Every structure is written in structure tokens, then in C-alpha cells.
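The structure under discussion appears below in the form of C-alpha cells.
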Amino acid sequence: MLQVQFIRDNKDRVIRGLEKRNFGEEASEMVEEVLRLDEERRAVQTKLDNTLASSNKLSKEIGNLFKSGDHQKANELKAQTSELKLEAKTLGDELNKASDALTDLLYRIPNIPHDTVPPGTSDEDNEEVFRHGDIPQLDDDALPHWELAKKYDLIDFDLGSKITGAGFPVYKGKGARLQRALINYFLDKNREAGYFEYFLPYFVNEASGLGTGQLPDKEGQMYHIEKDDLYVIPTGEVPMINCYRDTIVNEDELPVKATTHTPCFRREAGSYGAHVRGLNRLHQFEKVEIIQITKPENSYEALDEMITHVKGILNELKLPYRILQLCGGDLGFTSAITFDFEVFSTAQDRWLEISSVSNCEDYQSNRLKLRYRNSDGKMTLCHALNGSSLAIPRVLAGILENYQDKDGIRIPEVLVPYTGFDRIS
RNA sequence: GGAGGAAUGGCAGAGUGGUCGAAUGCGGCGGUCUUGAAAACCGUUGAGGGUCACACCUCCGGGGGUUCGAAUCCCUCUUCCUCCGCCA
């Protein structure tokens, strides 16, 4: 969430930011309400503090009186404290009410978009900023990946439906091995680039969901295990960044660079139609994630580094891709700036999102209480960045479709050491 | 699942009703000494709220309670350790 102090100091900027996210009239209403609640909270806090101060002072006197044996005087003072206690109770309730209301509101205010974020209301308004790779000329009878998966018995969607439900595919034989190869290849690339590898829990508690911003905003998108009150992770980012919740990192540990492979579980309520066919949209899919935690002044450099890193992997895989900068309307809740990578799915004749690299600046860190002490000795919120490197199923789909020929599918050269085969036929 | 024990500052570890935001040691930072470093010695060193700055307030795993007053007593939850059972 945004820092109240920041909103106080940058009221207009916050309102403009929310307007870029198409909040309209609500933008200034929300900001005004934050300022009002904050003022209320501080006023009540001051009153409460004064009451407690009086009460503390009295208690100390009473203690001294008992010690000196003046019980009568002590009992007189005791009588006075009950009134203060009552007052403190009332003020305490008031304070909780005000600060809860403030927190609830702050949770509903998304991050402020970076100045370069283009205006817009939907993914149609995202701006292409980079494109690389040739789109292969395929035969007329080229197949979409779900047909290829069936033809070569790589992925069985029906079997997944039988044992679990739609959106839970079963990978088989060379399909399973190709997926495993991609995971290992991505992890190795990340590790070589300095990312520290984690293997993490797939369930997180409520505090973690709040920390990274899935809660309360996207509650309906996560699977929730009610009996144990645990959430099934929608991305490895959630457990990985939450390793750093309530942490003060040493300045010389920054930047933190970390990577992990996890399955991701998403309810995807409301999805339908051709866009969810095959591997395009799943309830369970594998992803390799990278994060960085940096000093504020270095986070945009880190963002560039992450983008360059993902580009490097796609170049090696020789897949045609483009990079989009997300517009205000399509930007994630916690993100200040996001670049989506899309691979061209030749047989479907459409672009598939395979990575999303974001700088959350200090929005997440504020919820997480992720700080470091800067060189002036001042406690400062870190900046947090995350990106996919990469989402497996759509890369897999891209490989199947782009690398198909008349009687099989070639395996990209860099993957052959990982798959142990160079062709599916 | 059953029986016990424990949770305190970056770490270790004292503290069983007031003078405790908390001894002591280590670590960190600053200084003295030294050509420099080490050692030794001196000083300093938790977080949040609040304030122009102070004052002041909150925090000893989380929540609730008793009391004029709680790190300390009670209830509850969580986590960790030991033993038993079960188990990949």
C-alpha cells in the first residue's frame, strides 16, 4: 500500500495516478478520505496518549505512596484512575475504528503508475516497445499446440479433466520431459545471472497474501483451503517475497536477487472461449519466477536488467516475441510499471503472454515492512520487483507451434542437453 | 494424535507485580592509543506512532483478561524443542 505520508505530501500526484488507472471521480474522493481518516486517527491518538500519560503518572504515584505507607492517600488516587481507564478504553476503540478504516481504504488504493505508463483502459491500449525474431512460415496444415499435443501424445487434457477438472492438463512422455527441461533450463539461466534459488511452500497464510497484495484485492482468484485457512499460491512471487516480510536487510545485501520454480494455481473465474483452449489458460501451470529487492535509487536499473535477462532467454530459444508496456488500465494492482513479454503463437496467429516484469517500487515493501537502513542511518522501504522467467505452458505452446514441421517438432538447440532428445515425431 | 518444556533487542541470555524498553556478553558504529591493524580502554547502539524539535505514547511470539500498575499472574491461539505414537 501507499504510505500515508506520501499521500499527504503528493496529493495531486496520487490523484493523477489513480485517474490514469481510470478511477475517475473516485480518485480525489478516495484521497480526500485517506487524508481525513489520517487526521482523525492522529487526533484520537494524541488524546489517547495524553490520557495514558496521566494514568501512567498516577500509577507511579500510587506505587510510591504504598511504599511510603500512605495507604489512605494511595486509595484516594486509585479512585481517580477508574475514570481515566474508562476514557482510555473509549479512545482506544475509537482509534482502532479510525485506523482500521484507514487501512481498509489504503488496501483498496493501487500503486501509482510510473510517469511513462501510457493512458488506456484495456489491453488494447498497451504499447509495443520492442519486437524480435522472425515469424516462421509454416505449412498450411500447421496445427495449434493442442492438436500437436494430441497427435504426438504429449499432453492429455481429457485425462486431466477426468482426474481433476478442466484446466489441469496431464503431461506425458516427451511432453512431460520437455516441460521439465524448460524448468531446469530457466532455473539454470537465472542462477547464472546471479539469482539465488529457492524451493518454496505452495500454500501460504493470510499474512503472506496480504503482504504481496493478493489479499484482499484478488481473493477470488486464489484457491483457499478453508479448514486450515491457507491459500494456494497463484505465483511463486508470493512465498518468495514473503521470505522478506518484516525484515530489515543489511545495505550490503542489496540487491537481493532470487528465483524459484513453483506450480501456480489460479481459479480464473469468468474465463471462457477460444482463448482458454489448450495451454492458453490453466488452473495449474508451472512457472519460474525472479524477484529483486533493491534500494529505491536502483530499482529502474534492476528493471532494465530483468528485461534484458528475459530477452536473452527468448533469444536463445529463438522464439519470435514482442514486449508491451502496459497501460494504466491494464496495470496490476501493486505495480508502478509493467512490461509484458509475448511469444507469437504461429498456428493460432496470436500473441501469448509468457512473462510479466514489474517494478512495484515501495508499494509491496510497505505492506511487507521490508526495509533497510540507508547510508544516512535512516530506515527506508526497499523497492521490490518481480518477473516471470518464464511461464512454462505458453513457452511450450510456442515451441510446439513454431518448431513444427511436416512430420514432427524440433527441439530448440539450447534445450537439447536438458531434454535428451532433439525431435518429437 | 498424546505428555511435558519454551518463545525477551542483530545474536546469545538475565529478568516472577512498580524504580524495566529491559542487566550482561557478543556483534555493529564512533573515539583514544598505533606508521597501520589487532588487542586494550572509553562512548554509543531496537522498532513504530507523535512533534518544527522535544515531551509523550505503544511494542518482551499473536489476541484477550486480572490489577491503580504486567515482560512478570490468568485464558486462548500460533510457533519451536524433548519424549511417545503414526507415517512418505
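Summary of computed values
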read-out: Separation in nanometres of the label points that stand 7 Å from Cα toward Cβ, at A:Asp70 and A:Val276; value: 7.8
read-out: Relative contact order %, chain A, counting alpha carbon pairs below 8 Å whose residues are six or more apart; value: 20
read-out: Difference of contour (0.36 nm per residue) and Cα-Cα distance, A:Asp405 to A:Phe6; value: 138.0 nm
read-out: In Hz, Karplus ³J(HN,Hα) per residue of the range A:107-119 (6.51, -1.76, 1.60; θ = phi - 60°; x = Gly, Pro); value: 5, 8, 9, x, 5, 7, x, 4, 3, 7, 5, x, x
read-out: Tail fraction, Cα-Cα pairs, the range A:4-107, threshold 17 Å, whole percent; value: 64
read-out: Accessible area of the range A:123-424 belonging to carbon and sulfur atoms, whole % at 1.4 Å probe; value: 45
read-out: Ranked packing of A:343-355, A:53-65, most packed first, by mean Cβ within 10 Å; value: A:343-355, A:53-65
read-out: FRET E, pair A:Thr308, A:Asn96, Förster distance 51 Å, beta-carbon r, rounded to 0.05; value: 0.60
read-out: Accessible area of chain A divided out per residue, in Å², using a probe of 1.4 angstrom; value: 49
read-out: Residue-span extension gain [A:Lys378 to A:Glu226] - 0.36 nm each, minus C-alpha spacing; value: 50.6 nm
read-out: 21 Å Cα-Cα reach of A:Lys318 towards lysines, excluding residues that sit fewer than 8 places from it in its own chain; value: A:Lys174, A:Lys189, A:Lys287, A:Lys406
read-out: Förster radius 56 Å - calculated FRET efficiency between A:Gln137 and A:Asn50, Cβ distance, rounded to 0.05; value: 0.10
read-out: Inter-site label distance for A:Ala269 and A:Arg180 at 7 Å from Cα along Cβ, in nm; value: 3.7
read-out: 5 angstrom amide H check on A:Ser345, placed H, neighbours 5+ away; value: A:Arg350, A:Trp351, A:Leu352
read-out: Percent RCO, i.e. relative contact order, over the range A:4-107, from Cα pairs under 8 Å lying at least 6 residues apart; value: 33
read-out: Eligible aspartates and glutamates near A:Lys89 by straight Cα distance, threshold 14 Å, same-chain separation 8 or greater; value: A:Asp49
read-out: Filter on A:Lys57/A:Lys369; A:Lys47/A:Lys227; A:Lys11/A:Lys227; A:Lys20/A:Lys369 - keep pairs with C-alpha separation over 31 Å; value: A:Lys57/A:Lys369; A:Lys47/A:Lys227; A:Lys11/A:Lys227
read-out: Where Rh is the Kirkwood radius over Cα pairs, Rg/Rh for chain A; value: 1.11
read-out: Rg over Rh [alpha-carbon atoms, Kirkwood Rh] for the range A:278-353; value: 0.99
read-out: Two-site label geometry, A:Leu77 and A:Val129: point separation in nm, points 7 Å out along Cα→Cβ; value: 6.5
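The values are calculated or read from the model by the stated rules, or taken from the named source; none is laboratory data. Model, not experiment: these values are computed from the prediction. Virtual Cβ from ideal backbone geometry, glycine too; neighbours counted across all protein chains shown. Each accessible area value is taken on the protein alone, full model and side chains, heavy atoms only, with ligands, DNA and RNA left out. Shrake-Rupley method; radii C 1.70, N 1.55, O 1.52, S 1.80 Å.
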